[in-house]
1. For the pairs Lys144/Lys246; Lys159/Lys250; Lys111/Lys256; Lys136/Lys238; Lys36/Lys159; Lys108/Lys246, flag any whose C-alpha to C-alpha distance is greater than 22 Å.
2. At what distance in angstrom do the alpha carbon centres of the range 201-264 and the range 103-119 lie from each other?
Amino acid sequence: MLFHLLNRRIAIILIGASLLSFGQTNFQGQAYYESKTTIDMNNFGGGQLSEERKKQIADRMKSALEKTYVLIFNQTESLYREEERLEAPGQGRGFRFGMMSTGGDLYKNVKLKQYLQEQELMGKQFLVKDSLQDIKWQLGSETKTIGQYTCFKATATKKADFDFSPFRRRPANDKPQDSTNTQNDKKNEEDPEPSREVVVTVWYTPQIPINQGPDTYWGLPGLILEVNADRTTILCSKIIINPSDKETIKVPSKGKEVSQSEYDQIMKEKTEEMREMFRGRGGRGGGRRP
């Protein structure tokens with residue numbers, strides 16, 4: 001109990017000191033994040049690939065599963081952008097499983113509770129514009145240090161993202177439905193894969209009292225420095241407060257404006273089309289091996 005109170009008092013002191021610099025009207029910060037996503041290679045390709053082949057695929061997918069981002073933020077706005085990097089031979093962008101969609105800068109305005117992101121889907125440009133969803137964070141008392149910042153733990157539950165990869169194989173227990181059963185057909189069209197929930201664990205620092213975080217995460221009394229959600233980990237590696245070269249936080253504006261649910265539906269339809277195409281080439285549920 002005493003340790004918990006001391007941590008809280010330290011956090012309050014740090015917040016008070018931080019507010020002096022963060023209250024500047026021209027304040028800006030830059031946080032760099034490394035994102036890593038793992039995949040279950042045991043079931044990849046329907047479990048029919050050799051270990052050597054799995055390793056080759058994993059190595060070639062590394063550039064798509066490990067990325068670096070920068071979050072540019074002020075008191076109310078942020079821009080989350082992927083950092084460009086040179087690709088190693090054999091790890092070019094041409095080998096991206098199911099990457100039919102390419103996301104641009106993600107803009108968040110926590111004052112207006114709004115976000116925008118330019119998305120390119122199979123050659124078409126979209127502008128996803130929607131409201132920031134309130135995340136029901138459970139604040140914990142655990143602390144840890146990330147770099148020079150004291151961080152507190154918070155958790156939340158959210159629905160897992162839809163698997164947009166056209167290479168996802170139909171589960172072995174997913175038997176074909178009776179073609180005369182229109183009710184099952186309709187259910188499969190509306191819900192191509194069962195939804196599930198995942199626990200999101202983040203670490204935020206009150207030393208940077210900004211209601212922001214990487215990707216679509218926000219809503220805590222401090223900048224989020226680490227995210228662990230399902231198979232993805234996002235970890236802050238560097239923070240620059242009031243850099244000498246400040247960047248203008250530009251609001252994305254190109255493309256056909258759609259809501260997030262509308263864009264997700266378009267993605268699902270296109271993904272299912274590609275899955276059917278691969279099933280047609282390799283047999284129902286077989287898919288062509290990459």
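Bear in mind these aren't lab numbers, they're just calculated from the coordinates by the rules spelled out. Being a predicted model, the structure only gives us computed values, none of them experimental.
1. Lys144/Lys246; Lys159/Lys250; Lys111/Lys256; Lys136/Lys238, as the Cα separations exceed 22 Å there.
2. 10
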